[in-house]
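Student: I'd like to ask you about the structure that follows.
The values are calculated or read from the model by the stated rules, or taken from the named source; none is laboratory data. On a predicted model such as this, the values are computed, not experimentally measured, just so you know. So basically every Cβ, Gly included, is an ideal-geometry build from the backbone, and we count neighbours across all protein chains shown. With ligands, DNA and RNA removed, areas are computed over all heavy atoms of the protein, side chains included. Shrake-Rupley method; radii C 1.70, N 1.55, O 1.52, S 1.80 Å.
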Amino acid sequence: MGMTMSQKILAAHAGLDEVKAGQLIEAKLDLVLGNDVTTPVAINVFEQNGATSVFDNTKIALIMDHFTPNKDIKAATQVKQSREFADKYNIKNYRDVGGMGIEHALLPEMGLVGPGCLCIGADSHTCTYGALGAFSTGVGSTDMCAGMMSGKAWFKVPAAIKFNLVGKPRGFVAGKDIILHIIGKIGVDGALYKSMEFAGEGVKYLNIDDRLCIANMAIEAGAKNGIFPVDDITREYCDGRYQGTPVEYAADDDAVYDEEYTIDLSEIRPTVAFPHLPENTRTVDEIGDTEVKIDQVVIGSCTNGRISDLRAAAEILKGKTIARGVRCIVIPGTQKIWQQAMHEGLFDIFVDAGAVVSTPTCGPCLGGHMGILAAGERAVSTTNRNFVGRMGHVDSEVYLASPAVAAASAVTGYITNPEKV
Amino acid sequence: MNAKGKVHKFGDNVDTDVIIPARYLNTASHKELAAHCMEDIDKEFVNNVKDGDIMVATKNFGCGSSREHAPIAIKASGISCVIASSFARIFYRNAINIGLPIIECPEAAEAINDGDTVSIDFNTGVITDETTGESFKGEPFPEFIQNIIQKGGLINSIK
């Protein structure tokens, strides 16, 4: 019986010729990731159990991104604990203020993840790296700790859903609209425990940033991982960047999928997820011009804080002014993206329009800092979750959208179709 | 291994942001996390919950973030078991890894009411609603997970 792309990567890392959905395996890890929220919990478990060494100090990445620059004393204490651990065990890829970025924007950029690698991370959006043809999935701190100690993790081999992408996206439609459309179609548990495998001729119209955005939100459909085939776009991105040896896996022709969907990218419209679930989607055509008044716009995050996202927002904001009463916060994903955006003149566009540009941080996405909502306030955000209280007060609301929709909405003060600005 | 207690009932898609809001993730203290458990969905939960009580919810319980703080907060609040129609996968793993018993049973999750007294036999997967007299058959843990739990969690099982 044929294997899916995800199953092939798992089999190779478990030293097996073949695996089947449902099978329990132990696999060798190429990378173990943690952040400033999850690493301290993992360190506590590590120390409580008397561990004295890590499996490989070059294969662990500790990225301080959620509450950094430290928002309060408790957050600073957690980062300090992580930093001291990194120093003690000589963890090569410890990144803090000045050298950091949002983990899932940073790791691909640093070349720590690439085709064929197996990665676990104590952050649910670790599934992002499937964009590069890796098997990558989110776990908790105890799994992270076990991974740091042993270099291994147990997995239940996932079944898969295949998304056959056809056609070319039109106009302002980007990765975010595609994944919101898919989540709207299958629901927030539509891919529970499964792989979302993207395939088809439409893939070639998606740049790396679009693919990273789509794979990033696989978890919002409940998936274990999201994965793209490796093609010239992947190779060009990883060439000279990926520190490991790329291994290209492809699904077998007779791979078994639980379900298959055909998604015509040319028919997808700019899409917004209404509160309080990413599956509550509507296209911009289904939203009245003055239906949803907003107080804040956030453009950034591990979903949409990359250079193409910032360019898309700048294209809309150029020569425009942010609506009175709206705070527009732009958060480049990494230091390099920040610098590139600055050199491209995007910051002038943002600041002239009345937006602010922040240092890289997860910040407001999870209601940490740098843009918290009061009761009754609404934000259009390029982030990934719109759960109750996600960005602040339990009575605030988050609407998920692409950078183009977010920027257009910042200009009008209402959720707006970018074609109309 | 068994559990018995009063039920706190919730609906679909209970996410980790309502189980423990991110504004409290600047600590890893189990006690502090427990003090804010379920705060954004049920402000009275922490005042009402008693040791041994049982949480029941419908589909996709624990969706969202990978924060292990979520099952930690539930366990530290005194909950002895979570019954749900289905669990989000990272939460499922985390609960096992930290030793919070969970059991999937859509029939029980639908039928059991808030405030009922429920008992669970983890070896057989049998869930009994002692208030209504109904009983349900949930999925007992597969052998490898029982092994992790018997050894006192994932870390002890790999030592």
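Student: Of all the residues that make up segment B:121-141, how many are more than 17 Å from residue B:10 (Cβ to Cβ), β-branched (Val, Ile, Thr) and in contact (Cβ under 8 Å) with a residue 40 or more places away in the chain?
Tutor: Selection size over segment B:121-141: 0.
Student: Of the conditions (1) touching a residue at least 12 places away in the same chain (Cβ under 8 Å); (2) within 14 Å of another protein chain (Cβ to nearest Cβ); (3) farther than 15 Å from residue B:2 by Cβ, residue B:144 satisfies every one except a single condition; which number is it?
Tutor: Evaluating residue B:144 over (1) touching a residue at least 12 places away in the same chain (Cβ under 8 Å); (2) within 14 Å of another protein chain (Cβ to nearest Cβ); (3) farther than 15 Å from residue B:2 by Cβ leaves (1) as the failure.
Student: Name the residue that is most open to solvent (accessible area, probe 1.4 Å), counting only residues in segment B:74-90 that are more than 9 Å from the chain's Cα centre (by Cα) and more than 12 Å from chain A (Cβ to nearest Cβ).
Tutor: B:76
Student: State which residue is farthest from residue A:59 (Cα to Cα) when the search covers only segment A:102-124 and only residues that are within 14 Å of chain B (Cβ to nearest Cβ) and open to solvent by less than 10 Å² (accessible area, probe 1.4 Å).
Tutor: Here the answer is A:124.
Student: Same structure, new question: I need the full set of residues from segment A:374-395 which are open to solvent by less than 10 Å² (accessible area, probe 1.4 Å) and aliphatic (A, V, I, L, M), in order please.
Tutor: A:379, A:380, A:391
Student: Among A:92, A:74, A:28, which is within 11 Å of chain B (Cβ to nearest Cβ) and open to solvent by 60 Å² or more (accessible area, probe 1.4 Å)?
Tutor: Exactly one of A:92, A:74, A:28 is within 11 Å of chain B (Cβ to nearest Cβ) and open to solvent by 60 Å² or more (accessible area, probe 1.4 Å), namely A:74.
Student: A further question follows. Residue check: is residue B:148 open to solvent by less than 50 Å² (accessible area, probe 1.4 Å) and more than 23 Å from residue A:122 (Cβ to Cβ)?
Tutor: no
Student: May I pose another question? For residue A:163, are the conditions met, namely being more than 29 Å from residue B:153 (Cα to Cα), in the same structural domain as residue A:86 (by TED's automatic domain parsing), over 16 Å from the mean Cα position of the chain (by Cα) and outside any helix (DSSP H, G or I)?
Tutor: Yes.
Student: With respect to the numbered conditions (1) under 27 Å from residue A:50 (Cβ atoms); (2) assigned to a helix (DSSP H, G or I); (3) facing chain B (nearest Cβ under 10 Å); (4) not polar (S, T, N, Q), which one is the sole condition not fulfilled by residue A:148?
Tutor: (3)
Student: Checking residue B:113 against (1) open to solvent by 10 Å² or more (accessible area, probe 1.4 Å); (2) under 28 Å from residue A:219 (Cβ atoms): exactly one of these is not met. Which one?
Tutor: Status for residue B:113: all satisfied but (2).
Student: Among the residues of segment A:63-75, are any of a type in the set (D, E, K, R), at pLDDT 95 or above, in contact with a Cys (Cβ under 7 Å, 6 or more places away or on another chain) and not assigned by TED's automatic domain parsing to the domain that holds residue A:335?
Tutor: yes
Student: While we're on this one: Scan segment A:16-34 and give yes if some residue there is closer than 26 Å to residue A:106 by Cβ and assigned to a loop (DSSP other than H, G, I, E, B), otherwise no.
Tutor: Among the residues of segment A:16-34, at least one is closer than 26 Å to residue A:106 by Cβ and assigned to a loop (DSSP other than H, G, I, E, B), which makes the answer yes.
Student: Next question, about the same structure. What single numbered condition from (1) crowded, with 24+ Cβ neighbours inside 10 Å; (2) part of a helix (DSSP H, G or I); (3) in contact with a strand residue (DSSP E or B) (Cβ under 7 Å, 6 or more places away or on another chain) fails to hold for residue A:203?
Tutor: (1)
Student: While we're here: Can you work out which of the residues in segment B:19-35 that are part of a loop (DSSP other than H, G, I, E, B) and within 9 Å of chain A (Cβ to nearest Cβ) is nearest to the chain's Cα centre (by Cα)?
Tutor: B:21
Student: For segment A:334-343, does any single residue satisfy the condition of being of a type outside the set (Lys, Arg), at pLDDT 95 or above, crowded, with 24+ Cβ neighbours inside 10 Å and assigned to a loop (DSSP other than H, G, I, E, B)?
Tutor: No, segment A:334-343 has no match at all.
Student: I want to confirm something. Restricting to segment B:1-18 and keeping residues that are more than 8 Å from chain A (Cβ to nearest Cβ) and among the polar types (S, T, N, Q), which single residue is farthest from residue B:72 (Cα to Cα)?
Tutor: Among those that are more than 8 Å from chain A (Cβ to nearest Cβ) and among the polar types (S, T, N, Q), it is B:2.
Student: Here are some conditions: (1) under 20 Å from residue A:126 (Cβ atoms); (2) open to solvent by less than 20 Å² (accessible area, probe 1.4 Å); (3) under 11 Å from the mean Cα position of the chain (by Cα); (4) of a type outside the set (Gly, Ala, Ser). Residue B:53 meets all but one. Which one does it not meet?
Tutor: (1)
Student: Considering every residue within segment A:306-321, establish whether at least one is outside any helix (DSSP H, G or I), more than 26 Å from residue A:205 (Cα to Cα) and under 19 Å from the mean Cα position of the chain (by Cα).
Tutor: The answer is no, given that none of the residues of segment A:306-321 is outside any helix (DSSP H, G or I), more than 26 Å from residue A:205 (Cα to Cα) and under 19 Å from the mean Cα position of the chain (by Cα).
Student: Assess whether residue B:8 counts as being within 14 Å of the chain's Cα centre (by Cα) and either within 24 Å of residue A:45 (Cβ to Cβ) or buried (at least 19 other Cβ atoms within 10 Å of the Cβ) (or both).
Tutor: yes
Student: In segment A:40-61, which residues are within 10 Å of chain B (Cβ to nearest Cβ) and buried (at least 22 other Cβ atoms within 10 Å of the Cβ)?
Tutor: Listed by number, the residues that qualify are A:40, A:41, A:42, A:43, A:45, A:46.
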